[in-house]
Amino acid sequence: MSKVTTADFRHWKKEKRPITMLTAYDYSMARLLDEAGIDSLLVGDSVGNVMLGYANTLPVTMEEMLHHTRAVSRAVKRALVVGDMPFLSYQVSREEAVRNAGRFLKEGGAEAVKLEGGEEVAPTVAAIVRSGIPVVGHIGLTPQYVHQLGGYHVQGKQATVARRLLRDARSLAEAGVFALVLECVPAEVAQEITASLPIPTIGIGAGPHCDGQVLVTHDLLGLYGGFTPKFIKRYANLAEQIKGALLAFQEEVQNRVFPGPEHSFSMTQEEYRLFLEERE
Ligand code: KIV
């Protein structure tokens, strides 16, 4: 089992071998994902919604991201760990962007960073890449731009917007991203972008023609309730299984079924006798 690298991403695109990426935020889940052979773990800023209960990803801080990235990195033996740069950690200045990207590698143990945005962030991407930090781009529905986009909608249904996405993709590839996330774009647009880039595209709600697919792990496992977007496939309903287990625990404790003798420790009869004697 050899460690996945950014070079593997390039080979896999050439070989047409689909790439798998899933989100991870903690040690236990990251171990399971890594042992299952998922190629890349994204410590997404979706941690804000999924783990921290924020309404969107905007409040997530560098310190929160680094805390979760460290936990994931400690678990991983094979997958490529990508840290997601939170809102305002790369937009203010290029210098700050490079410093914050570097923190994901130096302090978080990540091997790459991801950031959202098109042509406008290409110079920032180039500066981070020049510093020796591999970057994943992210265009289409970019949740950090939710207020500018006016909500979470599919991007690129109109030809003008689709053409802009293609331009964004090309300028990010020129700036040096080694992979590009395409979120919520029509399958035709993702297909065209995928065909026109030398680097792999990783789709989420972007159809079957991307070089790889990424999902939020809690969505595919049925761990995160609420609204389920069309592009999510649930492979399990763990929330129901967890609730079932918790109810069983509750009942067994209340009915004195748990803990049974098999979960309890005991003394020898002699020690017990001495114990009772001394007590008196
Ligand atoms: O933060 C995240 O989970 C993401 C993925 C949805 C690509 O950016």
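The values are calculated or read from the model by the stated rules, or taken from the named source; none is laboratory data. This is a predicted model, so every value here is computed, not measured. Note that we place each Cβ from the backbone using ideal geometry, even for glycine, and neighbour counts take in every protein chain shown.
For segment 1-60, what are the residues that are among the acidic types (Asp, Glu) and either surrounded by fewer than 17 Cβ atoms within 10 Å (Cβ to Cβ) or more than 16 Å from the ligand (Cβ to nearest atom) (or both)?
Asp8, Glu15, Asp26, Asp34, Glu35
How many residues does segment 202-250 contain that are part of a loop (DSSP other than H, G, I, E, B), closer than 20 Å to Val82 by Cα and not small (Gly, Ala, Ser)?
3
Does Thr201 satisfy being crowded, with 22+ Cβ neighbours inside 10 Å, under 18 Å from the mean Cα position of the chain (by Cα) and modelled with pLDDT of 95 or more?
So Thr201 fits the description; yes.
If you go through segment 175-196, how many residues are surrounded by fewer than 20 Cβ atoms within 10 Å (Cβ to Cβ) and part of a helix (DSSP H, G or I)?
Final tally of qualifying residues: 6.
Give Ala248, Ala190, Ala195 a once-over and let me know the one that is assigned by TED's automatic domain parsing to the domain that holds Met29 and more than 27 Å from Asn49 (Cα to Cα).
Ala195
When you look at Ile199, is it in a loop (DSSP other than H, G, I, E, B) and among the hydrophobic types (A, V, I, L, M, F, W, C), yes or no?
It is true that Ile199 is in a loop (DSSP other than H, G, I, E, B) and among the hydrophobic types (A, V, I, L, M, F, W, C).
Do we find a residue being farther than 17 Å from Lys114 by Cβ, within 15 Å of the ligand (Cβ to nearest atom) and not small (Gly, Ala, Ser) anywhere in segment 198-214?
Checked against the condition, which is being farther than 17 Å from Lys114 by Cβ, within 15 Å of the ligand (Cβ to nearest atom) and not small (Gly, Ala, Ser), segment 198-214 yields no hits at all.
Quickly run through segment 141-173 and pick out the residues that are among the β-branched types (Val, Ile, Thr) and exposed (fewer than 11 other Cβ atoms within 10 Å of the Cβ).
Selection gives Thr160 alone.
Would you be able to tell me the number of residues in segment 178-211 that are farther than 23 Å from Lys230 by Cβ and out of contact with any helix residue (DSSP H, G or I) (no Cβ under 6 Å at 6 or more places or on another chain)?
So the answer is 3.
The rows are residues; the columns are (1) in contact (Cβ under 8 Å) with a residue 24 or more places away in the chain; (2) surrounded by 10 or more Cβ atoms within 10 Å (Cβ to Cβ); (3) touching a strand residue (DSSP E or B) at 6+ places or on another chain (Cβ under 6 Å).
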residue: Asp211; (1), (2), (3): yes, yes, yes
residue: Val214; (1), (2), (3): yes, yes, yes
residue: Gly222; (1), (2), (3): no, yes, no
residue: Gly225; (1), (2), (3): no, no, no
residue: Glu262; (1), (2), (3): no, no, no
residue: Thr268; (1), (2), (3): no, no, no
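Just wondering, is there one or more residues in segment 163-173 that are without any contact (Cβ under 8 Å) to a residue 12 or more places away in the chain and not in a strand (DSSP E or B)?
yes
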